[in-house]
Amino acid sequence: MAEGAGGGVRDWAVAGGVVLKGEKLLLVRNRRRNDSVEWSTPGGVVDPGETFLEALSREVREETGIRVNVWEGPLYEITVNFADLGWLMRVEVYRAVDWNGEIVLEDPDGIVEHADFYDSEGCQARLVQSPPWVREPLLEWWRQRPEQMLSFRYEVTGTEIDRLAVVRL
């Protein structure tokens, strides 16, 4: 991966996991470096040499303590081009078909500060704090539950996190 913001394009892959308990969805509250908070499904960056599913299983276990034995998908994919920063983020989101364990927070990155299962209303209320490229695809998948994979593309301009302009393509 190349460096961003003046050093070429920074291209990274991210894996996200939909973990359902009945009709409740597992969300994690992430505390970012600038002290902002956003909610998402558990997941994270795919390290060199890892597949999406290897990275996803590792991230879900690290962030929540839950062990996933079987994944299906991807359910949807997201591409976000941060034009002014020179970043490109590719996300694949899968659903846990077989999992076990209880929530235990031991995130080695220190980002995840809470995790729990929420119904549709609880998810919508929390996801308001998340960027559109996190919130919109998840809520659309949640409402539709389509058989085929969904694809989402976003263009983000600006260089200050609180002043980004986001356009869904």
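What follows draws every value from the coordinates through simple rules; no lab data is involved. In this text, all values refer to a predicted model and were calculated from it rather than measured experimentally. Cβ: placed from backbone, ideal geometry, glycine included. Neighbour counts: every protein chain shown.
Across Gly86, Gly65, Gly22, mean-square fluctuation computed from a Gaussian network of the chain (C-alpha pairs under 10 Å connected) peaks at Gly22. For the stretch 80-168, the list of GluC sites (Glu not before Pro) that fall in a loop by DSSP and count at most 13 other C-beta atoms within 10 angstrom reads Glu102, Glu106, Glu147, Glu160.
Across Leu138, Leu88, Leu127, mean-square fluctuation computed from a Gaussian network of the chain (C-alpha pairs under 10 Å connected) peaks at Leu88.
Here each label is just a point 7 Å from Cα along the line to Cβ, and for Val167 and Asp11 those points are 2.3 nm apart. Estimated from the Cβ-Cβ distance and a Förster radius of 25 angstrom, the FRET efficiency linking Asn69 and Arg145 is about 0.70.
When both bridge partners sit in the chain, DSSP labels roughly 65% of those beta bridges antiparallel. Near the amide H of Trp99, within less than 5 Å, lie the amide hydrogens of Asn69, all on another chain or at least 5 residues away, with H placed in the peptide plane. Taking label points 7 Å from Cα along the Cα-to-Cβ direction, Glu106 and Asn34 give a separation of 3.3 nm.
Put simply, the amide H of His114, placed in the peptide plane, has neighbours under 5 Å in Arg29, leaving out anything fewer than 5 places away on its chain.
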